[in-house]
Amino acid sequence: MAKAKAKRIFTYVFLTIVAFVSIFPFFWMLVSSTNASVDVTKGRLLPGSAFIDNFNKLIDSTNLVQALGNSAIISVISTLLALFIGSMAGYGFEVYRTKSRDVVFNILLLSMMIPFAAIMVPLYRMFATISGVAPVIGINTMAAVILPTIATAFLIFFFRQNTKMFPKDLLEAGRIDGLSELGIFLKIYMPTMKTTYAAAAIITFMSSWNNYLWPLIVLQTPDQQTIPLLISNLGAGYSPDYGVIMTAIVIATLPTAIVFFIMQKHFVAGMVGSVK
Amino acid sequence: MNTGDSLQKKNNLTGWAFVLLAVVGIVAFYFYPMIQALLLSFKSGVGANLEFSGLSNYKRLLVDTTFRTALSNTFIYLIIQVPVMIILGLFISVLLNDSTLRFRSFFRTAIFLPCVTSLVAYSVVFKYLFAPDGMVNQFLMGLHIIGDPIQWITDPFWAKITIIIAVTWRWTGYNMIFYLSSLQNIDQSIYEAARIDGANAFTQFFKITVPLLKPIILFTSITSTIGTLQIFDEIMNITKGGPGNATMSISQYIYNLSFKYSPDFGYAATVSYSIVILIIVLSIIQFKVAGDNKNG
């Protein structure tokens, strides 16, 4: 039994090390946001009292509030549109299943294999062209950030998989009650599938909030900045103020961390459900 | 025409109506740009002044040393990072799957936590952790593992290692969750039977766990491969591709060609097709490998 005990000890030691490595950057980031830059450089690992100071410096030297607002607007609109369009399609492909639509579905899935780097140049040129005709959705607009994210094969696939579990009797009941097909979707399907929507919303919101490359290309003026762009710019400075930068990172990470902790169960179930 | 036919027709139209927006969106923002990129790859010029130039971009690709560097860097990330992450994720999930283990949910949450950070935010944090006077060097020197600070960001070799460590930190927990949920679906009586037959933990892992998890391992290895081939945020925010071009990835090279140097959209599109081809080829290989093992 000594062997079993040794194995047990190894398990705990190993998992503790892995957990420590996973958590330490968070701990360091939180502690550093409360310390002045000099103390961060010295390797101070205790909470300090400079958070308010760092926060004020951050507000004064950057347009943090505007960036937070931009990110929030973009993420919320992207998520709402992507969920609506994706769930409608997932529902449509599963409930009104035909051979020809199955073919279309499979073709759409191929878009998951398309790397963003391969389409970013044509997308940029597309929005540059649109700028000439309709500046409200061209370069440097939130619409240009949002539009390419509203139709994703992942969400269609995700909703289609989950629709398989949607009780079809409810469809018939809705028809007998005289609801239109769209009415059934809006009034019966959507409320029934609340948890599926919740999981999809977390995944979509997080990826939108954290999106970097496309906003970097399409938003070129400081007042258009989103949070990842702001952090990237702060981090690129030559004499970084560590305390201020860590404060910005903590503020940027909070929304997704909070969303994650509230919805942890849905999030994990959502990710796993999507590959079954 | 009987009522059944017209109802079916109506349903068919309703079906198309439901999927229409998504189809239009994906065609407009994925497939149309893919075709545009292909057309662009046969054009040359600066900025918006592009002219058809046949295969000249492809000829340039073959002799482009920066491309070769970016390609080999990307492959180094892929060959080291993906297997390390998958094996580590599998190993941790097997340990965590033991129902008698205490603090399980703490360990699981802790190890999954890196996934809530944005790629940019964690990259900046890692850049400072791995600075010459950063926490990592202070820690290693404190333990007397190293005498002098390692130049994590500015040494060509260590800069690649830093990127690999960073990506592994960010994504191992993500893959682990997939393995963990699959492990929970495995009937424990299989292991009981194996134990009675005298199979040790090692044999159980390779003869039972790995074969049963094969579909999910294939899934994570393909998504990780696609992700690694596109790596951009970390490189841009930790090393900026440097020192020299020692950490530059293909995505960053495409970005530089389009938006940093004088814009060469045609050549950038040519380089971008190399990623498309790589993703297709590697995915086919991974499917083949998984398929062959199943038969064997």
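To keep it simple, each residue is scored yes or no on (1) over 30 Å from residue A:149 (Cα atoms); (2) open to solvent by 50 Å² or more (accessible area, probe 1.4 Å); (3) more than 9 Å from chain B (Cβ to nearest Cβ).
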residue: A:14; (1), (2), (3): yes, no, no
residue: A:31; (1), (2), (3): yes, no, yes
residue: A:60; (1), (2), (3): yes, yes, yes
residue: A:67; (1), (2), (3): no, no, yes
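Restricting to region B:6-33, name every residue that is open to solvent by less than 80 Å² (accessible area, probe 1.4 Å) and at pLDDT below 90.
Going through region B:6-33, the residues open to solvent by less than 80 Å² (accessible area, probe 1.4 Å) turn out to be B:6, B:11-12, B:14-15, B:17-19, B:22-23, B:25-31, B:33.
Across region B:6-33, the qualifying residues are B:6, B:11, B:12.
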On the basis of being within 23 Å of the chain's Cα centre (by Cα) and free of Cβ contacts under 8 Å to residues at least 60 places away in the same chain, does residue A:236 make the cut?
no
Residues B:134, B:142: which one is small (Gly, Ala, Ser), free of Cβ contacts under 8 Å to residues at least 12 places away in the same chain and either open to solvent by less than 20 Å² (accessible area, probe 1.4 Å) or within 19 Å of residue A:28 (Cα to Cα) (or both)?
B:142
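Are there any helices (runs of 4 or more DSSP H) wholly within region A:1-78 with 3 or more residues that are in contact with a Ser or Thr (Cβ under 6 Å, 6 or more places away or on another chain) and in contact (Cβ under 8 Å) with a residue 12 or more places away in the chain, and if so which? Talk me through it step by step, then tell me what you get.
Numbers: elements: A:2-32, A:37-41, A:51-61.
Hits in region A:1-78: A:51-61.
Can you tell me which residue in region B:4-19 is nearest to residue A:151 (Cα to Cα), limited to those that are more than 7 Å from chain A (Cβ to nearest Cβ) and among the polar types (S, T, N, Q)?
Narrowing region B:4-19 to residues more than 7 Å from chain A (Cβ to nearest Cβ): B:4-10, B:13, B:16-17.
Add one more test, that the residue is among the polar types (S, T, N, Q), and what stays is B:6, B:8.
Details: B:6: 31, B:8: 27 Å.
Only one residue fits best here, namely B:8.
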Kindly provide the set of residues from region B:223-250 that are without any contact (Cβ under 8 Å) to a residue 60 or more places away in the chain and assigned to a helix (DSSP H, G or I), ordered by number.
B:223, B:226, B:227
With (1) touching a Lys or Arg at 6+ places or on another chain (Cβ under 9 Å); (2) open to solvent by less than 10 Å² (accessible area, probe 1.4 Å) as the list, and residue B:194 as the residue in question, which single condition is left unmet?
(2)
Return the residues of region A:144-187 that are part of a helix (DSSP H, G or I) and more than 14 Å from chain B (Cβ to nearest Cβ); say none if nothing qualifies.
A:162, A:169, A:170, A:173, A:176, A:187
For residue B:46, the lone unmet condition from (1) outside any helix (DSSP H, G or I); (2) touching a Phe, Trp or Tyr at 6+ places or on another chain (Cβ under 8 Å) is (2)
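Check B:182, B:189 and return the single one that is at pLDDT below 90 and touching a helix residue (DSSP H, G or I) at 6+ places or on another chain (Cβ under 9 Å).
On the way: B:189 fails: touching a helix residue (DSSP H, G or I) at 6+ places or on another chain (Cβ under 9 Å).
When all the criteria are applied, what remains is B:182.
Return the residues of region B:108-120 that are within 30 Å of residue B:185 (Cβ to Cβ), hydrophobic (A, V, I, L, M, F, W, C), open to solvent by less than 10 Å² (accessible area, probe 1.4 Å) and within 7 Å of another protein chain (Cβ to nearest Cβ); say none if nothing qualifies. Spell out how you get there, then give the answer.
Step one: filter region B:108-120 for residues within 30 Å of residue B:185 (Cβ to Cβ), giving B:108-117.
Remaining after also requiring hydrophobic (A, V, I, L, M, F, W, C): B:110-113, B:115-116.
Going one step further and asking which of them are open to solvent by less than 10 Å² (accessible area, probe 1.4 Å), we end up with B:110-112, B:116.
The answer is B:110, B:111, B:116.
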What number of residues within region B:126-142 satisfy the criterion of being of a type in the set (Phe, Trp, Tyr), part of a helix (DSSP H, G or I) and either within 23 Å of the chain's Cα centre (by Cα) or at the interface with chain A (Cβ under 7 Å from one of its Cβ atoms) (or both)?
2
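Does residue B:123 count as exposed (fewer than 15 other Cβ atoms within 10 Å of the Cβ) and part of a helix (DSSP H, G or I)?
No; evaluated as a whole, the condition is false for this residue.
Could you tell me which residue of region B:246-277 is nearest to residue B:155 (Cα to Cα), considering only residues that are among the hydrophobic types (A, V, I, L, M, F, W, C) and more than 9 Å from chain A (Cβ to nearest Cβ)? Can you show your working first?
Here is the first cut: in region B:246-277, the ones among the hydrophobic types (A, V, I, L, M, F, W, C) are B:246, B:248, B:250, B:254, B:257, B:259, B:265, B:268-269, B:271, B:275-277.
Going one step further and asking which of them are more than 9 Å from chain A (Cβ to nearest Cβ), we end up with B:246, B:248, B:277.
Details: B:246: 9, B:248: 13, B:277: 31 Å.
Step by step, filter region B:246-277, then rank; the result is B:246.
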Can you name the residue in region A:1-12 that is within 11 Å of chain B (Cβ to nearest Cβ) and either at pLDDT below 90 or open to solvent by 30 Å² or more (accessible area, probe 1.4 Å) (or both) and, of all such residues, is nearest to residue B:116 (Cα to Cα)?
A:12
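Within 11 Å of another protein chain (Cβ to nearest Cβ), open to solvent by 10 Å² or more (accessible area, probe 1.4 Å), touching a residue at least 60 places away in the same chain (Cβ under 8 Å) and closer than 28 Å to residue B:73 by Cβ: is that true of residue B:174 in this structure?
Working: within 11 Å of another protein chain (Cβ to nearest Cβ): yes; open to solvent by 10 Å² or more (accessible area, probe 1.4 Å): yes; touching a residue at least 60 places away in the same chain (Cβ under 8 Å): yes; closer than 28 Å to residue B:73 by Cβ: yes.
Answer is yes for this residue.
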Within region B:88-101, take every residue that is more than 8 Å from chain A (Cβ to nearest Cβ) and either under 19 Å from residue A:228 (Cα atoms) or assigned to a loop (DSSP other than H, G, I, E, B) (or both) and give me the one that is nearest to the chain's Cα centre (by Cα).
B:97
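Can we say residue B:44 is under 26 Å from the mean Cα position of the chain (by Cα), among the hydroxyl-bearing types (Ser, Thr, Tyr) and open to solvent by less than 90 Å² (accessible area, probe 1.4 Å)? Before you say what the answer is, go through the steps one by one.
Values: under 26 Å from the mean Cα position of the chain (by Cα): no; among the hydroxyl-bearing types (Ser, Thr, Tyr): yes; open to solvent by less than 90 Å² (accessible area, probe 1.4 Å): yes.
Spelling it out, it is not the case that residue B:44 is under 26 Å from the mean Cα position of the chain (by Cα), among the hydroxyl-bearing types (Ser, Thr, Tyr) and open to solvent by less than 90 Å² (accessible area, probe 1.4 Å).
Mind checking which residues of region A:188-213 are within 26 Å of residue A:175 (Cα to Cα) and either open to solvent by 10 Å² or more (accessible area, probe 1.4 Å) or away from every other protein chain (no Cβ under 14 Å) (or both)? Don't jump to the end; show me each part of the working.
Our first condition is that a residue be within 26 Å of residue A:175 (Cα to Cα); within region A:188-213, this holds for A:188-197.
A:188, A:190, A:191, A:192, A:193, A:194, A:195, A:196, A:197 - these are the residues of region A:188-213 that are within 26 Å of residue A:175 (Cα to Cα) and either open to solvent by 10 Å² or more (accessible area, probe 1.4 Å) or away from every other protein chain (no Cβ under 14 Å) (or both).
The values are calculated or read from the model by the stated rules, or taken from the named source; none is laboratory data. A quick note: this is a predicted structure, and the numbers were derived from the prediction, not measured. Counting neighbours? That spans all protein chains shown, and the Cβs are built from the backbone with ideal geometry, glycine included. Each accessible area value is taken on the protein alone, full model and side chains, heavy atoms only, with ligands, DNA and RNA left out. Shrake-Rupley method; radii C 1.70, N 1.55, O 1.52, S 1.80 Å.
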